[in-house]
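Q: I have a structure I would like to understand better, so I am pasting it below and will then ask my questions one at a time.
The values are calculated or read from the model by the stated rules, or taken from the named source; none is laboratory data. None of these values were measured; they are calculated from a predicted model. Glycine also receives a Cβ, built like all others from the backbone with ideal geometry; neighbour counts cover every protein chain displayed. Surface accessibility is based on the protein's heavy atoms, side chains included, excluding ligands, DNA and RNA. Shrake-Rupley method; radii C 1.70, N 1.55, O 1.52, S 1.80 Å.
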Amino acid sequence: MLTALVLGIGVMYLVLVMQFGSFTAPLPVMLSLPLSLIGVVLALLVTGGTLNLMSLIGVIMLMGLVAKNAILLLDCARREEAQGVNREEALMHAGRMRLRPILMTTFALVAGMVPVAIGLGEGGEFYRPMAVAIIGGSLPRPRSRCW
């Protein structure tokens with residue numbers, strides 16, 4: 001699973017390099033990935049879950065969601081900068097413009113994972129760590145201001 005996670009992050013970085021046309025532009029996206037792990041660890045500690053195969057699958061799914069959110073913000077801010085807006089203003093505007101879509105996808109994901117996290121029914125305990133990891137990593141966390 002660790003190999004899959006590292007390979008997934010590496011391929012994601014290469015795709016972002018091709019998309020943005022720069023080796024440094026994807027760095028803010030990549031730096032946002034470890035921040036989601038804080039929520040995963042805290043959620044597993046609070047619920048008494050363990051870091052097992054299903055929670056690692058949840059981490060991989062979570063990395064995709066976090067990267068998507070960061071790409072939305074970064075792309076919007078880069079378009080603003082290309083139009084001549086200074087960086088701080090572009091980031092603030094991107095945050096205001098993309099907040100609603102990001103919150104909508106996050107809330108939809110959390111709402112879909114809550115029944116799995118409760119773990120009722122057959123096999124509920126098997127998938128529970130995955131849902132807890134996804135919900136915990138999706139919750140708000142500190143963000144860096146320096147892009």
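Q: Just to be sure I understand: with springs between alpha-carbon atoms less than 10 Å apart, which residue in Val116, Val15, Val41 has the highest mean-square fluctuation in the Gaussian network model of the chain?
A: Ranking Val116, Val15, Val41 by mean-square fluctuation puts Val15 first.
Q: Okay, next question. In nanometres, what is the gap between the two model label sites at Val85 and Met104, each 7 Å from Cα along Cα-to-Cβ?
A: 1.9
Q: Next question. Give a quick list of chymotrypsin sites (Phe, Trp or Tyr not before Pro) in the stretch 1-52 that DSSP marks as loop, anything other than H, G, I, E or B, with at most 15 other Cβ atoms within 10 Å.
A: Sparse-neighbourhood loop chymotrypsin sites (Phe, Trp or Tyr not before Pro): Phe23.
Q: Highest mean first, what order results for 60-71, 78-89 on Cβ atoms within 10 Å?
A: 60-71, 78-89
Q: Rounding to the nearest 20 debye, state how big the charge dipole of the chain is about its Cα centre with +1 on each Lys and Arg Cβ and -1 on each Asp and Glu Cβ.
A: Using Cβ point charges on Lys, Arg, Asp and Glu, the chain gives about 280 debye.
Q: Using a 1.4 Å probe, what is the accessible area per residue for the chain, in Å²?
A: Counting only protein heavy atoms, the per-residue value for the chain is 60 Å².
Q: Treating the Cα atoms of the stretch 1-51 as identical point scatterers in vacuum, please give the log10 of the normalised Debye intensity I(q)/I(0) at q = 0.21, 0.23, 0.24 Å⁻¹, two decimals.
A: Summing over Cα pairs of the stretch 1-51 leads to -0.80, -0.87, -0.90.
Q: Continuing with the same structure: Could you give the alpha-carbon Rg of the stretch 17-147 over 2.2 N^0.38 Å, rounded to two decimals?
A: In units of the globular-protein estimate, the stretch 17-147 measures up at 1.18.
Q: Against the longest alpha carbon principal axis of the chain, how many degrees, from 0 to 90 and to the nearest 10, is the axis of helix 124-138 turned?
A: 20
Q: I'd like the carbon and sulfur percentage of the solvent accessible area for the stretch 2-116, probe radius 1.4 Å, heavy atoms only, ligands and nucleic acids excluded.
A: Result for the stretch 2-116: 73 percent of the exposed heavy-atom area is carbon or sulfur.
Q: Taking the Cα atoms only, what angle lies between the long axis of helix 53-82 and the longest principal axis of the chain, rounded to 10 degrees?
A: The angle comes out at about 20 degrees.
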